[in-house]
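These notes concern the structure reproduced below.
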Amino acid sequence: MSNLEKMHTGDLYRPDDPAIEIQQKQLLNRLYDYNQTRVTEPEKQQAILTELFAEIGPNCYIEPPFHANFGGHHVHFGSNIYANFNLTLVDDTHIYVGDQTMIGPNVTLATAGHPILPELRAQNYQYNMPVHIGRNCWLGTGVIVLPGVTIGDNVVVGAGSIVTKDLPDNVVAAGNPCRVMRQVSDHDRQYYFKDRQIDPKLLN
């Protein structure tokens, strides 16, 4: 099995393979073009993202600068996804993000890891595990999601959290390491921030 194939199996492999490096450089050159676009060029931005990503639905926007190890080549975005400045996708293998998800500034979704054993790191070995983010999630500023993690639907992850384990649907989670704080509840249908009440007409 080639190193290119091992990128997506979870096996240890050498990322310094020339076949990987050639592909990666081509994709990063195109990502550079995206980061040079202007806010007044939405059609150009969408065209470049469509070219780079494995999949991307309608009405997705990523604020430049945007960073990705493979330019988004292994990234699968649903529809209506917004990502703020400095999104970093360590997309050495596949990253999936569901519809309507919002991503705060300086968020990292990482699929790549390295062995703890120093002898293997010295030989430049790496492994990759996919990341799955559900539908209608909100990842706050500075969230880090580690390799192999799955986050369910309708999840809010608090700013600065480091997500090391899977999170179920419909929860608010925060911390380092990130843990479930509570369920999304009836209280959240009445208040959007502290004592600020939601106009019921907004829920119709």
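The values are calculated or read from the model by the stated rules, or taken from the named source; none is laboratory data. Every value quoted in this text rests on a predicted model; they were computed, and no experiment measured them. Here the Cβ is made from the backbone with ideal geometry for all residues, glycine too, and neighbour counts use every protein chain on show. To get the accessible areas, we keep the full protein, side chains included, count just its heavy atoms, and leave off ligands, DNA and RNA. Shrake-Rupley method; radii C 1.70, N 1.55, O 1.52, S 1.80 Å.
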Answer from ASP99, ASP92 - the residue that is part of a loop (DSSP other than H, G, I, E, B), acidic (Asp, Glu) and within 27 Å of VAL180 (Cβ to Cβ): ASP99
Answer yes if at least one residue in the stretch 136-149 is within 18 Å of the chain's Cα centre (by Cα), open to solvent by 60 Å² or more (accessible area, probe 1.4 Å) and over 24 Å from PHE77 (Cβ atoms), and no otherwise. no
Inter-residue pairs, beta-carbon under 6 Å, first acidic (Asp, Glu) and in the stretch 47-73, second loosely packed, with under 15 Cβ neighbours inside 10 Å, 6+ apart: GLU63/PHE85
Kindly list the number of the only condition in (1) open to solvent by less than 10 Å² (accessible area, probe 1.4 Å); (2) under 26 Å from ARG121 (Cα atoms); (3) aliphatic (A, V, I, L, M) that fails for LEU52. (2)
Any residue that is open to solvent by 40 Å² or more (accessible area, probe 1.4 Å), at pLDDT 95 or above, acidic (Asp, Glu) and part of a loop (DSSP other than H, G, I, E, B) - is there at least one of those in the stretch 159-179? yes
Restricted to the stretch 90-109, and to residues that are closer than 18 Å to VAL155 by Cα and of a type in the set (A, V, I, L, M, F, W, C), which residue is most open to solvent (accessible area, probe 1.4 Å)? MET102
Does TYR125 satisfy the criteria of being out of contact with any Gly (no Cβ under 9 Å at 6 or more places or on another chain), within 30 Å of ASN3 (Cβ to Cβ) and among the hydroxyl-bearing types (Ser, Thr, Tyr)? yes
